[in-house]
Structure formats: C-alpha cells, structure tokens
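In what follows, a single structure is set out as structure tokens and then discussed.
Bear in mind these aren't lab numbers, they're just calculated from the coordinates by the rules spelled out. Predicted, not measured: the structure shown is a model, and the values here were computed from it. Note that each Cβ is placed from the backbone with ideal geometry, even for glycine, and that neighbours are counted across all protein chains shown.
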Number of protein chains: 2
Amino acid sequence: MTPQTKATESKAVDATRFDPAMATAGKAEADTRWLDPSEGPAQMSGFAWFDQDRIYRRMPATPLEVLPQSVDSLANCTAGGTIRLRTDSPRLMLRVELRGPARMVHMAPTGEAGFDVYIGEPGAERFASVTKFDSAQADYEVTLLNVERRWRDLTLHFPLYQGVNRVEVGIAGDASVEPPTPQIDEPPLLFYGTSITQGGCATRPGMAYPAILARRLQRVCLNLGFSGSGRGEPEVARALSTIDACRLFVLDYDANCPSAEHLQQTIPVFVEILRERHATTPILVVSRVPSALEFDRPDGDATRLERMQAQREAVEAIQTAGDPAIQFLDGSLLMGADHYECTVDGSHPTDLGFLRMADGLEPVLRQILDS
Amino acid sequence: MTPQTKATESKAVDATRFDPAMATAGKAEADTRWLDPSEGPAQMSGFAWFDQDRIYRRMPATPLEVLPQSVDSLANCTAGGTIRLRTDSPRLMLRVELRGPARMVHMAPTGEAGFDVYIGEPGAERFASVTKFDSAQADYEVTLLNVERRWRDLTLHFPLYQGVNRVEVGIAGDASVEPPTPQIDEPPLLFYGTSITQGGCATRPGMAYPAILARRLQRVCLNLGFSGSGRGEPEVARALSTIDACRLFVLDYDANCPSAEHLQQTIPVFVEILRERHATTPILVVSRVPSALEFDRPDGDATRLERMQAQREAVEAIQTAGDPAIQFLDGSLLMGADHYECTVDGSHPTDLGFLRMADGLEPVLRQILDS
C-alpha cells in the first residue's frame, strides 16, 4: 500500500508562511525617483544594437539576413545585459515588465526572470541582493537594497532566460546618481554559444559564466548564448560580425551541434565571416563540458572526445593557413573531476559548475588579453 | 523614453521550444512495473517515524507534545528522504503526487518539488538525472533514466521544499530488483537546523549539504531543517530525542534565532533533553554561515560573531560540566573567502555554497565518527 497523508494534512506546504527570508520583497516606498537605464547617468551594456533598435535584445532587430527562428526569438532573452551606476541612495528598487512569467523547471525564477545586484567598483564587486518577486506574474516591483546612505557603485544583471519589455531603477527621491567608476577601457568580449553560455541553469544572472568573467576581467562580456540554437550558422556569424569592435570572440557552441562533422564544417566558415571585419581579433574555440551520464554510457566519452578533436583540428588548420590569433581550449576539464555534481540535469551547470568554468577560463582569457 | 518591444515580438520567450534539453520528460512506457518504495526490496530512509505513521514526514504524526505550527507543517517537506534499490532495469520512471505545486522564486522546481537520482554503490555514487516535470502541476510522471541493461545501485532523493503524498518507482516490466548494496551499518546522523539545513536553495535534492555528506560518509543523514523555524524549542528537542538511535546530532539552527541570548538559553536545554535518551551520542553545534551583505553593514559581522561566541561558550560550559561528547564548529569559514558568491539571495546557499559547506564539514564529521 502506498502511504497516504491524513486528510487534515493534505494542503501544500508553504515555507514562505514561516520563513520571512523565503517571501517576496515588498513594493517600493512612495518617495522614489525612477531612472531609465538607457539614459544617463546610468550605463547599460549587453545589447550591442540598442542604440539603433531601442529594445533589450542581443541581436539586431532587423538583421541583413533572416536569422534562424530560434535565434531570433531567444535574442530577446536579456542574458548578459547590465546596468551600472553610482549613487548615494540608501534604497534600490526595480520595476520590471517581462515578456512573460518564469516557468522553467530546472532553473530558479530569480535566474530565469530576475535581476541581481553587486556592490563595488570594478575589481571589487560583491553580490548583494536578488529580486524576490511573484514568479507567477510577468511584472514586478521590488526593493533590492535597504542600506546606509553612502556612495556605492552598483551593477545590475538582466534576466537570463526571459525578455524584458521595460525596466526602471528606483532610488530615494533625494539621492544623487553619477556614471559608474569606469571599467577597463576596451571593446567588449563576445561569448557565442549554447544554453550553457546563455546561463542555464544559474540561480541568478550574475552567476552565468560570462558574468563571472566580466567581474574578474573588469570588462564588458556580451552574452550571445542561444539555448538549443547555438549551431554556428553563417547568418548568425554575419550578424555578430557587424558589432563595431570586439576585444575577443569566444566560440562555445559544441553542445548544440549534431555531430563532429558539423563542427568541422561550420568553424572555418564562422571564423572566415568574423575575419572579414575583425581581421586580427583573438578568437578562442572552447569544446563542451562533459555530460554527467558519460560514465554510464557504453561508448563513454568517445563522442565528446571526437567532437573535441574535430574542433582542435579545425583551429589548427586555420592557424596553419596563416591566422595566429585563434586558439583552442579543451572544455572537458573546466568543471573538474567531480563534474557530475556541477549540473542540475546532467548538462546544464549550476552556480557551482559556472564558477568552475570561470575558474578554468579566467587564466586563458587573461593570457590572451595580456599578450 | 523607456524602450518598448515591437508588437510582433511581445510574446514570452520560451526556450523549451528550441532546446529539447530544456523540455519536460515524456511519460513512462506501457510495460512498466511500479514499486512502492516503502515495501522491499527497495529501502527508504529519511522518515524516522515512517514505520508507525506510514507517511512521508520528518517528525512524528502524533508527537507527545504539540509542535510549533511551522515545524509541524514543514515536517511534511520531504528533505533528506531517500529511496535506494538495486536493479537491472534499463529504464527508471517516477510517478509523484505532491502536496502542492512548486512556487518558490529563488529555488528551481527541481530542488523544491523534484527528485534526483544517483548511480553507484555507497562511496561511488554519481549524479545521473533529475525529474523534469510540469512545475505548474502537483502531480507528475516522468522518465528519469534510459540506459543500457546492467545491474546498478540507485539512490533517489525526495523533494526539499514540498510534501509528497504518494510516490512510485517504475522499472521495465521484465527487470529485477534487489535490496541496495549496504551502507556503513550505523544509526543515522541527524541534522537539526534552518532553511539552509533543509536545503534552500539547492537546484536539486542531492545537493543539500546533508545529502552531499551522506554520499561522502556512506551513512544515512536525516534532514531536520525547518525553514525559518529552527529555533531550538524544547518540544522539538523532545520529539527528536524519541529517535531510537542516532550516531551524531548536528545542531545548526543559529540563523533562525532572534539573538545571541536566545542561543545561550536554548542550547543547554536542547542538549539536556537529547542527553536523556542519548547520553553519549556526539553532538556538534555549528554557527551560521556569513550573510552576503555583512561587508556593507555599519556593524559588519559583529552580530554574527557575537552569536558565534555565545554558542562556543554554551558548548564549553556543557563540556566543563562533564560532557565530553559535544563540540563547537565556527560556520563562518565553511563557504570560503568569496562566500558572497555562494548564495542566491545573500543567505541561502546555492549548490556552490552547499558543496563548500560539505567540504568544510566532512573532515570534522569524519574525525568525530572515527574517534
């Protein structure tokens, strides 16, 4: 007999009734000044075509060529978007209108559709707070910080897996705002890839691996990860290549490709398209992290290793053909020997997996940026 | 002007349309044999009063004294429950009837209301899969594994933050089941505490810190964490003390207490009650992990250190009074110097924070268990 609960106990358990720290945050106070992050003195980054399109989107609204439908849709996810400002406000509020409510099963709504905020100048940023909102709703207004009045640099991250129609940042009515302390004055780093690149399944936006690297390297990191849809299409490469200036391209799209052959064929074409406008910009090709179930499969890690080797050879062929500004990195080792504990579902990293990825990538990226 | 989306793009972004790995898993196949985990040969643990009450609950259904209402309700969350079995089935399915659907904002539904499964004998368990279900529903039926036919030990973890009315494990109709390979033959370790102990906010149940320690120590770890409600009440201590046998008590309830004085007053009483039936069982008192915002507060970490000191002194007083089987551990250092990156909201650890906590606790617990 399967055990049954007693009738008197059949109701859902609601931890938020008993734990204030689990409840959603209250609405903003009356004396609040609302700022549009796209207008100064706050600075926004992550949406490379914002100046022309005026929407929170990761690809051009009207690309020269038709994009794959999935890329076109997922470009509206705001992964990698940031708002930076300097303020003496003792309060920080957010008013957000999403494209839709959170609904993923293996990602917290805070990561899928929430914002988080870090306090501190570039190089000294520390996580401070995350939006606690009613995740059944597509709109929310929440208080993020209640702190002592002093000047602080704030960095807010946009949601990873939902779109944002509108966002406003609220500060105390009598507080001042300034542009943030400048980061390193270089063009952004661009990360092209999969759901893993996009940040699935971090618990909050600041823990996607490009966001961790942005803090450590003190540079803007554009997130061009497309869940299930990073497949190295030439039309996507052509859209990406229209970015004015880029300090580094990271190509991390192995996990979404159907085969080693697909990688062999797409990498040379993708790189050639980028090279038309970015002749000497460093490019780093990264192969996929392991899947948890490899240890249990009859062919083990053979498929992943075959794809890894295909990418290594594709990069070496480009180097041999006279392009020294491209490198390959084996992603297999990024998450460590206990990589199987680092994902929520066998393939998507948790905050644990993302920190490991950033730990592994940081020295490689530093070497490229310093050379 | 705040940017508006174009009318043609106003729909919610749905990554599951484009990424099969993000979608929910299909229903079980027809030729499935359904097992009740409370009947052999599978073995269930985590519900210390199951034999008398026949419900998935962490406290007695009819305790001798009335429990605090919140503890009584949260006891129905199934944190720490496990099902272990050995089977040659190439498929593993689950049929679950929850007390209510997932709805937390800073925890993935997979952690709040899902199950995960590890493959391997004690000491060699590796995470394999998690339930991908429709998180708007309170019931689900999902496929967890599709693998080669061979004998495997499987360990499934119950949800951390919701109740389970019914659960059945499905295997292929022609597969066999045996009891699992035995763990170390000792009574369970009991962890009493807060939402952090309960597993908020792990992405999946196997990443709550007591579950990580259960794998590493190859022992049953009972999870008696009560979100917002771990306050060291004597009636809770008396209920816990009715557990037949216990190898170790961990008291980790600092974060839910209102003050240092509350800890000073409750620890001696709580320990005295446990000692009535467990005179020489080791007890470890652990103070809370840091809050992210301590670095920004005028009083910094003073409040946490005061409470830490109160607990240290309470433990030392009990030792001085002639009880050598109690120890204190400063929880401040468990999550490391960058502890502020290890939580989703400044207080609840992510999988990253939980792994750090387990890393710090493991050698201390090993020393106690080996001595």
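Before moving on, here are some points about what is shown:
- J(HN,Hα) series, region A:339-344, from Karplus relation 6.51 cos²θ - 1.76 cosθ + 1.60, nearest Hz, glycine and proline x: 4, 5, 8, 9, 10, 8
- Think of each Lys and Arg Cβ as +1 and each Asp and Glu Cβ as -1; about the Cα centre, that makes the dipole of chain A roughly 680 debye.
- P(r) tail fraction, the protein assembly as shown - alpha-carbon pairs more than 40 Å apart, %: 33 percent
- DSSP beta bridges in chain B [antiparallel fraction, %, rounded to 5]: 70 percent
- Charge dipole of region B:246-371 about the Cα centre (unit charges at C-beta), most positive-ward option of B:Ile267, B:Pro349, B:Gly322: B:Gly322
- Top of A:Ala102, A:Ala325, A:Ala48 by mean-square fluctuation, Gaussian network on chain A, Cα under 10 Å: A:Ala325
- Note on chain A: with a GNM built from Cα contacts shorter than 10 Å, the maximum mean-square fluctuation among A:Arg54, A:Arg215, A:Arg307 falls on A:Arg54.
- Computed from label points 7 Å out along Cα-Cβ, the spacing between B:Ala30 and A:Ile184 is 6.2 nm.
- DSSP bridge pairs, the protein assembly as shown: antiparallel proportion in percent, nearest 5: 70 percent
- Leading residue at positive end of dipole, chain A (Cβ point charges), from A:Ala30, A:Leu334, A:Ala292: A:Ala30
- Rounded to the nearest 20, the size of the Cβ-charge dipole of region A:189-370 about its Cα centre is 660 debye, with Lys and Arg at +1 and Asp and Glu at -1.
- Taking other C-beta atoms within 10 Å as the exposure proxy, B:Phe158, A:Phe295 rank A:Phe295, B:Phe158 from fewest upward.
- Between copies, A:Thr181 shows label-point distances of 5.3 nm, shortest first, with the point placed 7 angstrom from Cα along Cα to C-beta.
- Other-chain or far-sequence residues with amide H under 5 Å of A:Tyr253's (modelled H): A:Val286
- Between region A:151-169 and region B:234-248, the Cα center-to-center distance that results, in Å: 47 Å
- Ordering B:Tyr253, B:Gly81, B:Ala279 by Cα displacement along the dipole of the protein assembly as shown toward the positive end leaves B:Gly81 in first place; charges were set at the Cβ atoms of Lys, Arg (+1) and Asp, Glu (-1).
- Potential lengthening of the chain between A:Gln367 and A:Glu316 amounts to 16.5 nm, from the contour at 0.36 nm per residue minus the alpha-carbon distance.
- Highest mobility in the GNM of chain B, judged by mean-square fluctuation with C-alpha springs under 10 Å and restricted to B:Asp345, B:Asp14, B:Asp53, is found for B:Asp14.
- Ordered by the number of other Cβ atoms lying within 10 Å of each residue's own Cβ, fewest first, B:Leu145, A:Leu156, B:Leu213 fall into the sequence B:Leu145, B:Leu213, A:Leu156.
- Label spacing, shortest first and in nm, from A:Asp299 to its equivalents in the remaining copies (7 angstrom along Cα→Cβ): 6.1
- 222 nm mean residue ellipticity, helices alone, for chain B (DSSP H n ≥ 4; -39,500 (n - 2.57); rounded to 500): -7500 deg cm²/dmol
- A point 7 Å from Cα along Cα→Cβ stands in for B:Pro268, and the other copies hold the same point at 8.0 nm, listed in rising order.
- A straight chain from A:Ser259 to A:Ala124 at 0.36 nm per residue would run longer than the Cα-Cα distance by 44.5 nm.
- At q = 0.10, 0.11 Å⁻¹ the log10 of I(q)/I(0) for chain A amounts to -0.64, -0.77, computed by Debye summation with a single uniform scatterer per C-alpha, solvent ignored.
- Percentage relative contact order, chain B, counting C-alpha pairs under 8 Å, at least six apart: 16 percent
- Placing +1 on the Cβ of every Lys and Arg and -1 on the Cβ of every Asp and Glu, with no other charges, gives region B:86-137 a dipole of roughly 120 debye about its Cα centre.
- Gap separating the Cα centres of region B:60-79 and region A:95-127, nearest whole Å: 34 Å
- When A:Val344, B:Val167 are arranged by Cβ crowding within 10 Å, least crowded first, meaning fewest neighbours, the order is B:Val167, A:Val344.
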